[in-house]
Amino acid sequence: MKVLMAAAEGVPFAKTGGLADVIGSLPQALKEQDVDVRVMMPKYGEIPDEFTEQMEYMKDFPVQVGWRSQYCGVEVLEYEGITFYFLDNEFYFRRPGLYGHGDDGERFSFFGRAVLESLPKINFQADVIHAHDWHAGMIPVFLTQYRRYEFYEDMRTVFTIHNMQHQGVFPKVIMRELLGLGWEHFHVDGVEFFDQVNFMKGALNYADMLTTVSPTYAEEIQDPFFGWNLDGILRKRSDDLRGILNGLDYSVWDPAKDPLIYAPYSAEDPANKKVNKEQLQEDLNLPQEDVPVMGMVTRLAGQKGLDLIARVLPDILQLDLQFVVLGTGEKQFEDMFKHYGYHFPEKLSPQIQFDNTVAHRIYAGSDLFLMPSLFEPCGLGQLIALRYGSVPIVRETGGLKDTVQPYNEYTHEGNGFSFTNYNAHDMLYTIERAVRLYGDDEAWSAMMHRCMTADYSWRASARSYVELYEEVMEKS
């Protein structure tokens, strides 16, 4: 089985979010399932020199972007056994940042067509093209123009939604100007979206199968609140939509081998968890007391539940706990944490930055991990927290609901704490429950063990993708 992953970012080459982590980890797990999987992404100027120096030139050819003919080079690099192809055009990709440019519609029109044009030139006839998020959303649409060629006629497409909020919406003038598509595609069952062009909508209508990153999110996006005006298509295509939970790369996130934390520990030998906690408290100038440390590693944005925290932060700081926050984002939330950190230095340590080493140490040194998101397609933080024995406190949405089973004080089952309504006092009550349980050493140790032994590796997810690819190939 030959699969090409097409995505705008991938670890370790370029990253803005969770999409990159998936592209860095899923191919490895698919390879273990005997899939010939390769990855294609733009060659950004921001890719570190250590990788660009290893890339080998393969081919170059012109790609039509509307009426323009643009250069496209293909360079290749094998990384940890996976073949990565990088599409090179310095005008489009050698600039600061991956997205957010005024010509993103043109840049990713080029990317989508270049992916398809490159395949015969690099002699890789994929059975399935697996496109990720809106940046690759036009590939299933463009493929309709290539079906008449024998090389492409049996290729099938899978499209994965990582976040419905970002869809790639551009003025309709790009239909001919950039996309080279006829107006027969500009309708409600094509790419038309409120008289504009929507890259994600094109993929939702044209891809053979659709996936998203957790079973609950697959249900939620069929509802208007989570569907961002595309819920109707998703309900219509619900038979072709699958929710496959993202996994966690256990080669990176393993407290027994993590070189960034203070001391290694495991589910079988968790004693050094306490060493990590005490060292974290010392480094962040918190009193080295035996109270629960609640961590949060997040983008400081409303979507992440920061408005809930804003409503009850003084109440949280009255509890018998310490609160450590790492992240940057909206100024109102940065200022809020700075303000309370100044007035309650023995209770709150705000780290308004992003530092990967500090992130690892917060996961290892915290007892609780807070994720009260408004919506969360899958979520990575709670998976890392589970792995590191930091008991998650989450809102029941998306992947948080799928991975954190609420604690039952009667049966002593569950691996975390959760609340259903997007309500600040429901969150506060749930934090209070977690703090109370921390006082029961036996119950807390059992909870930590359940967290650390839960299996959220990529192995099970990869099997689900292989089954999906087999299903989509039967559509040939």
By the gyration tensor of its Cα atoms, with a ≥ b ≥ c the square roots of the eigenvalues, what is the shape of the chain: rounded for a/c under 1.5, prolate for a/b over b/c, or oblate?
-> prolate
Positive dipole terminus of the chain, leading residue within Phe142, Leu4, Ser69 (C-beta point charges) = Ser69
With only Lys, Arg, Asp and Glu charged, each at its Cβ (+1 for the first two, -1 for the last two), find how big the charge dipole of region 272-455 is about the Cα centre; round to the nearest 20 debye.
-> 420
For the chain, with the dipole built from +1 on Lys and Arg beta-carbon atoms and -1 on Asp and Glu ones, taken about the Cα centre, which of Gly365, Ala218, Leu313 lies farthest toward the positive end?
-> Ala218
So, in Å, what gap is there between the alpha-carbon centers of region 179-222 and region 68-146?
-> 19
Could you sort 265-277, 53-65, 20-32, 236-248 so that the peptide with the highest average Cβ count within 10 Å comes first and the rest follow in order?
-> 20-32, 236-248, 265-277, 53-65
Could the peptides 95-108, 425-438 be put in order, highest first, of the mean number of other beta-carbon atoms found within 10 Å of their residues?
-> 425-438, 95-108
For Gly243, which sequence-distant residues (separation of 5 or more, or a different chain) have an amide H within less than 5 Å of its own amide H, given hydrogens modelled in the peptide plane?
-> Thr212
One finds the C-alpha centres of region 1-26 and region 419-476 to be spaced, in Å, by 23
What does the highest-first list of 198-209, 315-326 look like by mean Cβ count within 10 Å?
-> 198-209, 315-326
Antiparallel as a % of all DSSP beta bridges within region 272-455, to the nearest 5?
-> 5
Gain on full stretching of the segment that runs from Glu50 to Asp254 - 0.36 nm per residue minus C-alpha separation | 70.9 nm
5 angstrom amide H check on Leu348, placed H, neighbours 5+ away | Phe323
Name the shape class, rounded, prolate or oblate, that the alpha-carbon gyration tensor gives for region 272-455, where a ≥ b ≥ c are the square roots of its eigenvalues, rounded holds for a/c under 1.5, and otherwise prolate holds if a/b is larger than b/c and oblate otherwise.
-> rounded
Dipole moment magnitude, nearest 20 debye, the chain about Cα centre, only Lys, Arg, Asp, Glu C-beta charged = 920
Top positive-direction residue, dipole computed over the chain with Cβ charges, set Leu234, Ala385, Met427 | Leu234
DSSP bridge pairs, the chain: antiparallel proportion in percent, nearest 5 = 35
For region 140-225, shape from the Cα gyration tensor axes a ≥ b ≥ c, cut at a/c of 1.5 then a/b versus b/c, turns out oblate
Fewest first, what order do Ile47, Ile362, Ile352 take by the number of other Cβ atoms within 10 Å?
-> Ile352, Ile47, Ile362
Potential lengthening between Val11 and Phe194 on full extension [0.36 nm per residue; Cα-Cα distance subtracted] | 62.4 nm
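All of the numbers you see were taken from the coordinates with simple rules; none came from a lab. Keep in mind that what you see is a predicted model, and the values were worked out from it rather than measured. No Cβ is skipped: glycine too gets one built from the backbone with ideal geometry, and neighbour counts run over all protein chains shown.
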